[in-house]
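Undergrad: One structure coming up, written as structure tokens, with questions to follow.
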Amino acid sequence: MRRSMQLTVRRPVLVTSLGVAALLAAVPAATAASPSAPEQGRGQEHASAPSVPADSLRALASDVGLHIGTAVNAEQLAQNPRYREIVADQFSTVTPENAMKWEALEPRRGEYDWAQADQLVEFAQENDQLVRGHTLVWHNQLPAWLNEAAPDMTPEELRAVLRQHIFDVVRHFRGDIWQWDVVNEAVDDNGELRDSIWLQKLGPGYIADAFRWAHQADPKALLFYNDYNVAYTGAKSERIYQLVKELQAQGVPIHGVGFQTHLSTQYGFPQLRENLQRFADLGLYVAETEVDVRTEVQEGTNTPTSNAGALAQDAEYSQSLQACLQVRRCISYTVWGIGDHLSWVPGTFPGTGAATIYDEDLQPKSSYDVLQQDLELASGAPVRPGRWGHWGRWL
Ligand code: XIL
């Protein structure tokens, strides 16, 4: 049985010291609250925090009013005690990596399989974690029955199927989800609305509909638009900015924008803080929802081909966290999985890997250490004694 969330609101404390803190000192005070957003946000915490290591990411993040999360692999959570321990000890929010996607929840039409998603929600409640629901409307990981049937459906039929899906899923988890990724990746790389089955059959209005339906089904959940490359200033980011402004102008219940933040050391670092801030300035919450940093690896391994690549990974993890810390309405920072061997990266971007903050033995990497240090510095905690990290660096 799932319990409902017990929440209290606590003001974040930002004590300044040293480098990161100096950056934070330049952060302006909170901007006006979103008119439609429930009073939730950074600083929201459970009444009874579990005892977690004082130097864990979640304990340190809590000191600066940030939720830190990871995507969770359902099989690992079910079977691997070490994996469970890390997720529980280190993170204050969790996102199902696949378990709440349409193909996972409704593999056969009308037959739901809630088991894996329910297990994650229960785990989160046992460990006083908040859940990011991911994701209601996407063009990928749709069930085979839907991919087959959709092209022959009338717009009315497909609209009814989508509406039913959103109501069924959001109602099932009602009260248990902190942030829902309502619409995922609806803008393409050229800055056009993506030519998905949803746009083709339903027209652009499906986006507003999805948010309205989700809000009716669970009025307390924070509703997010989520996408990749939002932080690279250009056509895609502009279109997303325009889209959310249009939604707000229409009174659509949208409360946040999720920056996936799948980074690569092969490209330049994006204009992350600036873009987080400009969306926050619309009165929205922002979040980094799927952070990973891939680099070139030796074939078939998660060993970076160069020391420079590995160092750049640490730097990009650090910069991505600092960007969130510098934006008052950035309420969560979620890494996309733990354990380089479990990451989607090697299978999706051949030749790259080593993208997470834990290695193949589920030991923390130097990228974990930089996140930990950034959080410590941000809270003004004393700098911990150093130790040797990967590549012979003194951390
Ligand atoms: C990925 C998962 O990590 C993989 O396990 C799965 O095979 C494919 O999807 N953007 C998203 C995530 O919003 O849902 C994707 O997750 C990664 C890209």
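The values are calculated or read from the model by the stated rules, or taken from the named source; none is laboratory data. The structure presented is a predicted model; accordingly, all values stated were derived computationally and were not measured. Neighbour counts run over all protein chains shown; Cβ positions are idealised from the backbone, glycine included.
Undergrad: Quick one: which residue in 294, 273 is touching a residue at least 40 places away in the same chain (Cβ under 8 Å), within 24 Å of residue 63 (Cβ to Cβ) and not in a loop (DSSP other than H, G, I, E, B)?
TA: Result: 273 is the single residue among 294, 273 that is touching a residue at least 40 places away in the same chain (Cβ under 8 Å), within 24 Å of residue 63 (Cβ to Cβ) and not in a loop (DSSP other than H, G, I, E, B).
Undergrad: Scan 261, 301 and give me the residue that is of a type outside the set (A, V, I, L, M, F, W, C), over 19 Å from residue 325 (Cα atoms) and modelled with pLDDT of 95 or more.
TA: Among 261, 301, only 301 is of a type outside the set (A, V, I, L, M, F, W, C), over 19 Å from residue 325 (Cα atoms) and modelled with pLDDT of 95 or more.
Undergrad: If you go through region 173-195 one residue at a time, how many are out of contact with any helix residue (DSSP H, G or I) (no Cβ under 8 Å at 6 or more places or on another chain) and in contact (Cβ under 8 Å) with a residue 24 or more places away in the chain?
TA: Residues that pass the stated criteria total 7.
Undergrad: Would you confirm, using the coordinates I've provided, whether residue 169 is within 16 Å of the ligand (Cβ to nearest atom) and either within 26 Å of residue 287 (Cα to Cα) or in a helix (DSSP H, G or I) (or both)?
TA: The answer is yes for residue 169.
Undergrad: With respect to residue 316, determine if the residue is touching a Leu at 6+ places or on another chain (Cβ under 9 Å), modelled with pLDDT under 95 and part of a helix (DSSP H, G or I).
TA: no
Undergrad: While we're on this one: Quick check on my filter: what residues within region 72-96 are touching a Lys or Arg at 6+ places or on another chain (Cβ under 9 Å) and not in a helix (DSSP H, G or I)?
TA: 91, 92, 93, 94, 95, 96
Residue by residue, here is whether (1) of a type in the set (Val, Ile, Thr); (2) in a loop (DSSP other than H, G, I, E, B) holds:
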{"position": "213", "(1), (2)": "no, no"}
{"position": "223", "(1), (2)": "no, no"}
{"position": "226", "(1), (2)": "no, no"}
{"position": "230", "(1), (2)": "yes, yes"}
{"position": "240", "(1), (2)": "yes, no"}
{"position": "245", "(1), (2)": "no, no"}
{"position": "248", "(1), (2)": "no, no"}
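Undergrad: Can I ask one more? Output the residues belonging to region 60-93 that are under 13 Å from the mean Cα position of the chain (by Cα) and within 14 Å of the ligand (Cβ to nearest atom).
TA: Selection gives 69, 70, 71, 72.
Each row is one residue, and each column tells you yes or no for (1) surrounded by 18 or more Cβ atoms within 10 Å (Cβ to Cβ); (2) at pLDDT below 95; (3) more than 16 Å from the ligand (Cβ to nearest atom).
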{"residue": "329", "(1), (2), (3)": "yes, no, yes"}
{"residue": "336", "(1), (2), (3)": "yes, no, no"}
{"residue": "339", "(1), (2), (3)": "yes, no, no"}
{"residue": "348", "(1), (2), (3)": "no, no, no"}
{"residue": "368", "(1), (2), (3)": "yes, no, yes"}
{"residue": "374", "(1), (2), (3)": "yes, no, yes"}
{"residue": "380", "(1), (2), (3)": "no, yes, yes"}
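Undergrad: Just wondering, is there one or more residues in region 113-130 that are of a type in the set (A, V, I, L, M, F, W, C), touching a strand residue (DSSP E or B) at 6+ places or on another chain (Cβ under 9 Å), buried (at least 16 other Cβ atoms within 10 Å of the Cβ) and more than 25 Å from residue 185 (Cα to Cα)?
TA: Looking through region 113-130, at least one residue is of a type in the set (A, V, I, L, M, F, W, C), touching a strand residue (DSSP E or B) at 6+ places or on another chain (Cβ under 9 Å), buried (at least 16 other Cβ atoms within 10 Å of the Cβ) and more than 25 Å from residue 185 (Cα to Cα).
Undergrad: Residue pairs, Cβ under 8 Å, 6 or more apart or interchain, first in region 224-237 and among the acidic types (Asp, Glu), second in a helix (DSSP H, G or I). List them.
TA: Once the first residue is among the acidic types (Asp, Glu) and sits in region 224-237, its partners that are in a helix (DSSP H, G or I) give 227/236; 227/240.
Undergrad: Restricting the search to region 104-160, which residues are of a type in the set (D, E, K, R) and within 16 Å of the ligand (Cβ to nearest atom)?
TA: Within region 104-160, just 132 meets the criteria.
Undergrad: In region 253-263, which residue that is within 13 Å of the ligand (Cβ to nearest atom) and in a strand (DSSP E or B) is surrounded by the fewest Cβ atoms within 10 Å (Cβ to Cβ)?
TA: 262
Undergrad: May I ask you to list the residues in region 186-223 that are under 27 Å from residue 327 (Cβ atoms), within 16 Å of the ligand (Cβ to nearest atom) and in contact with a His (Cβ under 7 Å, 6 or more places away or on another chain)?
TA: Of everything in region 186-223, those that are under 27 Å from residue 327 (Cβ atoms), within 16 Å of the ligand (Cβ to nearest atom) and in contact with a His (Cβ under 7 Å, 6 or more places away or on another chain) turn out to be 194, 223.
Undergrad: Which one of 170, 161 is out of contact with any helix residue (DSSP H, G or I) (no Cβ under 6 Å at 6 or more places or on another chain) and either within 23 Å of residue 99 (Cα to Cα) or surrounded by 16 or more Cβ atoms within 10 Å (Cβ to Cβ) (or both)?
TA: Matching residue, one of 170, 161: 161.
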